[in-house]
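Working notes, structure below.
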Amino acid sequence: MKNTHRWIGFACAVSAAVVVTLAGQLMVPRFDIVNIAMVYLLAVVLIAVCFSRGAAILSAVLCVAAFDFTFVPPQGAFTINDIQYLLTFAIMLTVAVVISVLMEHRRRHDQQRAALELQADTERIRSTLLASISHDLRTPLAVMTGASSSLVASGNKMSADERTALAESIYTQARGMADQMSKILQMTHLESGGITVDFDWTTIDEIVGSALAHLSELLARHRVVVEIPKDLPLVRVDAALIEQAIANLLENAARHTPPGTLVLVRAERLGDELIVTVEEFGPGLSGQDWDRLFAKFQRGTTDSGGVGLGLAICRAILQLHKGRVWADELPDGGIAFRFGLPIEATPPSPVPEAAC
């Protein structure tokens, strides 16, 4: 990449000398030769600012040679009868070198600053991840340790119901930990491009129905209402990924609202987009930076478990589909999480073959 940019700089230096020479010939009838020299100097400055030191020096040499050959008497020869033009040539070369050196220092400084920012961001993410994992795994590990130690120490003295309750507790906590680890791995795969998107035509109501079926246990204590018109167009998506996005929004609603709260799932067409909305009518997040909700390791005001990746995964999935995701506060309280999928022209239905 660096070599390619260098060769592009050399090509632009040659092109600039040719273009400025042609422009100078058009200027001859109306402008003095000193003004034409300033145009050459401008070309040298632009090349020095945009490209490497080598391209800047090449630009200065070519512009000096072209100016001398084309405009400095005697024209058509690389000779100089007036010593003042030597000063002009020296200024062009000096400007090219000085500006290119300054720009290289600036680029190097920008690269170092970007590297430091990336290192700091990486360290922040690592620290946040470790803090989130240690915080969210401490409780389930403690529950599992206590339940399993009770089974080991006194399992034979317990009733069948007590042993079953302890086993269910261990299973529930282990499943929760597995879900958190799955989200971390999925976020890693999405960011690294390790997920292949399998686009196909489907209906949004099928995807929503599948997501609700998988989360039936989690949503059992909420009032879930689905409002999806039957005449919505097909969408060309990876059904499994969009189902994951919807499931994350539903799971977020279930975890951040009290039992019995209404969770409303809507879908509608707005222009060239299919908008899917999950509305939760919990305490809300007044004054919240809505875009920040979709950042990694972000949570609401309540600590309801999870590593804060559900909404970030939603955004990553929608980006793979050239879609968008956002949230806003509802007028009567609560939050609406929405995402938009582009609507493409549906393919024509296959024509059945005529019977022989």
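The values are calculated or read from the model by the stated rules, or taken from the named source; none is laboratory data. Being a predicted model, the structure only gives us computed values, none of them experimental. Cβ sites come from the backbone with ideal geometry, for glycine too, and all protein chains shown count toward neighbours. These accessible areas exclude ligands, DNA and RNA; they are computed on the full protein's heavy atoms, side chains included. Shrake-Rupley method; radii C 1.70, N 1.55, O 1.52, S 1.80 Å.
Assorted remarks:
- The number of residues in region 173-227 that are charged (D, E, K, R), part of a helix (DSSP H, G or I) and at pLDDT 75 or above comes to 3.
- Residue, most open to solvent (accessible area, probe 1.4 Å), within region 109-148, restricted to residues that are modelled with pLDDT under 85 and of a type in the set (Lys, Arg): ARG138
- Any hit, region 29-36, residues being out of contact with any Ser or Thr (no Cβ under 7 Å at 6 or more places or on another chain), of a type in the set (Lys, Arg), assigned to a helix (DSSP H, G or I) and modelled with pLDDT under 85: no
- Flag for ARG163 being basic (Lys, Arg), surrounded by 12 or more Cβ atoms within 10 Å (Cβ to Cβ) and at pLDDT 75 or above: yes
- Selected residue [open to solvent by 30 Å² or more (accessible area, probe 1.4 Å), modelled with pLDDT of 90 or more and under 26 Å from the mean Cα position of the chain (by Cα)] from LEU320, LEU274, LEU270, LEU262: LEU270
- Restricting the first member to region 328-345 and to residues that are part of a strand (DSSP E or B), and the second to residues that are modelled with pLDDT of 85 or more and exposed (fewer than 13 other Cβ atoms within 10 Å of the Cβ), the beta-carbon pairs closer than 9 Å and six or more apart or on different chains are ILE335/ASP328; ALA336/ASP328; PHE337/ASP328; ARG338/ASP328; GLY340/LEU270; LEU341/LYS322; PRO342/ASP272; PRO342/LYS322.
- Among the conditions (1) open to solvent by 70 Å² or more (accessible area, probe 1.4 Å); (2) at pLDDT 80 or above, the only one that LEU87 does not satisfy is (2).
- Residue match in region 220-228 (condition: closer than 21 Å to GLY323 by Cα, under 28 Å from the mean Cα position of the chain (by Cα) and surrounded by 14 or more Cβ atoms within 10 Å (Cβ to Cβ)): no
- Put simply, of VAL101, VAL95 the only residue that is at pLDDT 80 or above and of a type in the set (Val, Ile, Thr) is VAL101.
- Test result for GLY306, at pLDDT below 90, under 24 Å from LEU215 (Cβ atoms), in a loop (DSSP other than H, G, I, E, B) and not basic (Lys, Arg): yes
- Candidate set: region 229-241, residues that are part of a helix (DSSP H, G or I) and either small (Gly, Ala, Ser) or touching a His at 6+ places or on another chain (Cβ under 7 Å) (or both); chosen: the one most open to solvent (accessible area, probe 1.4 Å): ALA240
- Residue ID - nearest to the chain's Cα centre (by Cα), chosen from residues in region 23-49 that are within 24 Å of HIS5 (Cβ to Cβ) and open to solvent by 70 Å² or more (accessible area, probe 1.4 Å): LEU46
- Filter result for LEU151 (of a type outside the set (Ser, Thr, Tyr), at pLDDT 65 or above, closer than 26 Å to ALA167 by Cα and assigned to a helix (DSSP H, G or I)): yes
- Boolean, ASP82 is open to solvent by less than 90 Å² (accessible area, probe 1.4 Å) and at pLDDT 80 or above: no
- Condition check for ALA60: touching a residue at least 40 places away in the same chain (Cβ under 8 Å), open to solvent by less than 40 Å² (accessible area, probe 1.4 Å) and not hydroxyl-bearing (Ser, Thr, Tyr): no
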